[in-house]
Amino acid sequence: LRARVAGAGATAEDMEILEKNTDYHGCSGSDPFIKRFWAMLRSLTDEQRSDFLKFVWGRSRLPPRGEPWRQRFSIHAHGPEHHPTLLPVAHTCIFKLCLPRYDTPELMREKVLLAVQNCMSVDIDGAANEGAALVAWEVDEALAAAEEAVS
């Protein structure tokens, strides 16, 4: 019952629903890096997908099925072609993701998860976050250290 009420995470099926409710800017749903992005999201665990939703929307789950969406998700191509050092940038208030054009599935996964796992300061669902107290420069330092550890 708890899982039905609170949600057990975002499923691969939820990501298909999200994809159908997505607008693209500076790219299209048929671009290779966008196809890599959706494949990567489907390959994540339910918990990681919920964390992704918190990163881009401030909520851990999508609107209830069958209810109209007040705001569609948007993906904007971010940065120059094949820029491996850029991280995705989320704008939770407008449900927007600025996504670099990563050229491999591995790089896509690494950078998206790095951003999602280290920038969790917004959570409209009400869960307390360890990162909520970090100020912008501390987040930048944490990202730099995490990126250095991955390299």
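Where a number appears in this text, it was derived from the coordinates with a stated rule and is not lab data. These numbers come from a predicted model, not from an experiment. Because the Cβ atoms are built from the backbone with ideal geometry, glycine has one as well, and the counts that use them run over all protein chains shown.
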Residue separation between Glu19 and Glu81 times 0.36 nm, minus their alpha-carbon distance, gives in nm 20.1 nm
In the range 65-120 the DSSP beta bridges are antiparallel at a rate, in percent to nearest 5, of 35
Computed on Cα atoms only, the convex hull of the range 17-69 has an orientation-averaged projected area in nm² of 4.1
Here D for the range 65-112, in µm²/s, from Stokes-Einstein with a Kirkwood Rh over Cα pairs at 10 °C and 1.306 mPa s, works out to 133
Taking 88-95, 77-84 and ranking on average Cβ neighbours within 10 Å, highest first, one gets 88-95, 77-84
Beyond 21 Å, the calculated P(r) of the range 24-102 holds a percent of Cα-Cα pairs equal to 29
